[in-house]
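K.L.:
Quick one: structure below, then a few questions.
The values are calculated or read from the model by the stated rules, or taken from the named source; none is laboratory data. Because the structure is a prediction, the values reported are computed rather than measured. Glycine gets a Cβ as well: all are built from the backbone with ideal geometry, and neighbour counts include every protein chain shown. Remember, those area values only see protein heavy atoms, side chains included, never the ligands or the DNA or RNA. Shrake-Rupley method; radii C 1.70, N 1.55, O 1.52, S 1.80 Å.
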Amino acid sequence: MIIPRIVIAGTHSGCGKTTIATGLMGALAARGYAVQPFKVGPDFIDPTHHAAICGRPSRNLDPFMMGEEGVLNTFKKACAGADVAVVEGVMGMYDGLEGADTCSTAHVARILSAPVLLVVDVKGMSRSANAMLKGYASFDPSIRIEGAIFNRLGSQNHKKMIEASLSVRALGWIPKRDDLEVKSRHLGLRMAGELKDKVRLGDVISKYVDVDAIMNVAKAAGPLPGPARDATPSNSVHKVAIGVARDAAFCFYYQDNLDLLSSVAQLIYFSPMDDKLPDVDALYFGGGYPELYAKELEASRCREKLKKAIDDGMPVYAECGGLMYLCQSLAYDKDYRMAGVLPARAEMTGRIQALGYVKAESMNGSIFPEGMAMYGHEFHYSRVTCGHDARFAFRLLRGKGIKCGRDGLFEHNAIGTYTHAYFTREFVASLISAAELYNKS
């Protein structure tokens with residue numbers, strides 16, 4: 001299988017790779033290419049910007065959660081019908097898990113056998129930028145850095161000073177412009193749908209970057225490792241319906257999870273703030289920003305109906321923001337009543353409480369079988385306080401969770417967890433089985 005592809009890496013976090021990656025996607029799309037976007041790592045927010053520009057869902061590529069084969073399979077499946085794939089990296093190019101190569105941008109580039117463009121922030125540097133670039137290019141000979149994009153350039157004279165000692169060809173020179181930066185908040189950049197009066201990044205990239213040369217680099221990537229991926233859609237009959245909460249409060253979802261669910265169930269999207277509870281057999285609440293919409297969630301007609309459905313046995317899986325919504329209350333600027341399902345209280349803390357990968361296994365008592373493995377990620381600025389008799393669905397082999405290395409607080413068939421899980425077929429089969437039992441009850 002051959003697909004033109006390019007990885008946009010950075011020297012460090014904050015160097016401008018998100019701006020340049022999304023801008024390149026826009027510039028290629030403006031030339032008529034069907035662009036398939038990807039994001040290295042577990043991030044939920046950058047992919048919303050990719051999708052808004054490309055008109056195709058952006059996929060996460062994460063070796064910890066998916067395995068190397070999973071990364072390759074997701075890439076091949078998602079690239080069906082695309083002319084070029086653009087992969088935005090994570091952190092600095094060689095920054096991996098616990099100081100190793102694993103899960104780094106370089107690791108994913110190697111899995112995909114993809115060429116790399118390195119974004120270099122040259123603010124405050126001239127000739128030193130090339131010394132740094134040369135180090136990146138020679139650090140791992142298996143990584144092909146085919147060009148550099150120099151960001152936050154101060155002037156034409158600044159450019160000349162860098163050009164005098166280039167060791168890797170320059171494919172772009174982007175001047176320092178404050179309007180190119182996307183505003184952030186506690187969990188990262190703002191979601192794509194929240195931004196108004198957005199700068200047309202594709203136009204900026206087209207002006208300052210050699211887009212045609214980058215496309216030629218992507219076309220020279222060669223065949224992907226392994227056999228071609230069979231992208232034939234499933235024709236299975238959907239026996240259950242799953243409601244997926246999706247609005248400004250619940251907006252963190254891995255596209256692969258939704259695809260896997262939709263292959264075995266009908267998905268019905270709804271807003272817990274604005275809609276009534278849908279007539280379904282199970283519910284899935286992703287993460288997001290329930291604290292910003294606590295007033296609306298408290299006042300919604302969905303809240304009390306949800307508790308009744310769970311008391312009647314409806315299976316519910318809720319992650320992070322979804323966990324907070326299932327609690328008795330959520331403290332932000334004041335205490336807000338939530339769904340009242342889980343015997344716990346959530347509160348925003350103003351500082352980070354957990355950040356990193358999670359490896360877990362299920363315990364007896366919940367809808368998941370004993371010993372089922374789960375991989376995911378946690379990132380939150382809240383904490384959940386629950387009673388000493390709290391019951392948990394998962395013991396953590398890695399990660400923090402809710403309490404004492406436990407995650408997945410549950411009542412009846414409803415589970416609330418801080419882990420954003422990457423779904424496996426066993427995970428989904430368990431959820432579907434619980435939904436079928438509820439449907440027949």
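K.L.:
Mind pulling the angle between the C-alpha long axis of helix 63-78 and the longest principal axis of the chain? Nearest 10 degrees, somewhere in 0 to 90.
P.N.:
The two axes meet at around 70 degrees.
K.L.:
Right, here's the next one. Counting helices only, and only those DSSP H runs with n ≥ 4, report the 222 nm mean residue ellipticity of the chain as the sum of -39,500 (n - 2.57) divided by its residues, in deg cm²/dmol to the nearest 500.
P.N.:
That calculation yields -8500 deg cm²/dmol at 222 nm.
K.L.:
In addition: Using a 1.4 angstrom probe, figure out how much accessible area the chain has per residue, in square angstrom, rounded to the nearest whole.
P.N.:
42
K.L.:
At R0 = 30 Å, how high is the FRET efficiency between GLU304 and ARG351 if r is their beta carbon distance? Nearest 0.05 is fine. Could you put the intermediate results ahead of the total?
P.N.:
On the way: r = 33 Å, r/R0 = 1.09.
Efficiency, from the Cβ-Cβ distance: 0.35.
K.L.:
So, one more: Nearest 0.05, what FRET efficiency do HIS412 and THR102 give at R0 = 25 Å with Cβ-Cβ as r? Please report the intermediate quantities before stating the final value.
P.N.:
Values: r = 38 Å, r/R0 = 1.53.
In this case the efficiency is close to 0.05.
K.L.:
Mind checking which lysines have their Cα closer than 17 Å to the Cα of LYS308? Skip sequence neighbours fewer than 8 apart in that chain.
P.N.:
LYS276
K.L.:
Then there is this: Assign one of three labels to region 300-369, namely rounded, prolate or oblate, based on the Cα gyration tensor with a ≥ b ≥ c the square roots of its eigenvalues; rounded applies when a/c is under 1.5, prolate when it is not and a/b is larger than b/c, and oblate otherwise.
P.N.:
The shape class here is oblate.
K.L.:
Can you pull the one-decimal nm distance between simple spin-label points at LEU437 and ASP179, each 7 Å off the Cα toward Cβ?
P.N.:
Placing both labels 7 Å along Cα→Cβ, they lie 5.8 nm apart.
K.L.:
Show which lysines lie in cross-link reach of LYS159 when reach means a straight Cα distance below 25 angstrom and same-chain residues fewer than eight apart are skipped.
P.N.:
LYS17, LYS123, LYS134, LYS176, LYS207
K.L.:
If one takes the longest principal axis of the Cα atoms in the chain, at what angle in degrees, from 0 to 90 and to the nearest 10, does the Cα axis of helix 127-139 lie?
P.N.:
Computed tilt is about 60 degrees.
K.L.:
How would region 17-162 be classified by its alpha-carbon gyration tensor: rounded, prolate or oblate, with rounded meaning a/c under 1.5 and the a/b versus b/c comparison settling the rest?
P.N.:
It comes out oblate by the Cα gyration axes.
K.L.:
If you take the charge dipole of region 293-427 about its Cα centre, with +1 on Lys and Arg Cβ and -1 on Asp and Glu Cβ, which of TYR381, PRO343, GLY313 is farthest toward its positive end?
P.N.:
Value computed over the given set: TYR381.
K.L.:
In Å and from the alpha-carbon atoms only, list the Rg and Dmax of the chain.
P.N.:
Over the chain's Cα set, Rg and Dmax evaluate to 22.7, 75 Å.
K.L.:
Could you check how much of the accessible area of region 249-393 is carbon and sulfur, as a whole percent, using a 1.4 Å probe?
P.N.:
46
K.L.:
Report, in cubic angstrom per residue, the convex hull volume of the C-alpha atoms of region 368-441.
P.N.:
For region 368-441, the hull spanned by Cα atoms encloses 103 Å³ per residue.
K.L.:
Charges on Cβ only, +1 for Lys and Arg, -1 for Asp and Glu, centred on the Cα centroid of the chain; of SER263, PHE75, ILE3, which one is farthest towards the dipole's positive end?
P.N.:
Of SER263, PHE75, ILE3, it is ILE3.
K.L.:
Can you return the aspartates and glutamates within cross-link range of LYS239? Criterion is Cα-Cα under 12 Å, with same-chain partners fewer than 8 residues away left out.
P.N.:
Filter leaves ASP281, GLU436.
K.L.:
Also, quick follow-up: Give me the one-decimal nm value for the distance between modelled label points at LYS219 and ARG398, 7 Å along each residue's Cα-to-Cβ direction.
P.N.:
Label-label distance for LYS219 and ARG398, simple model: 4.0 nm.
K.L.:
Measure off, as a whole percent, the carbon and sulfur share of the 1.4 Å-probe accessible area of region 7-102, all protein chains present.
P.N.:
Values: 1400 of 2850 Å².
Looking at region 7-102 in its full context, I get 49 percent from C and S.
K.L.:
Treating only the Cβ atoms of Lys and Arg (+1) and Asp and Glu (-1) as charged, compute the dipole magnitude of region 316-441 about its Cα centre; round to the nearest 20 debye.
P.N.:
Numbers: 14 positive and 12 negative charges, 51 e Å.
Approximately 240 debye in magnitude.
K.L.:
Taking R0 as 56 Å, what FRET efficiency do you get between HIS388 and MET132 from their Cβ-Cβ distance, rounded to the nearest 0.05?
P.N.:
That gives a FRET efficiency of 0.60.
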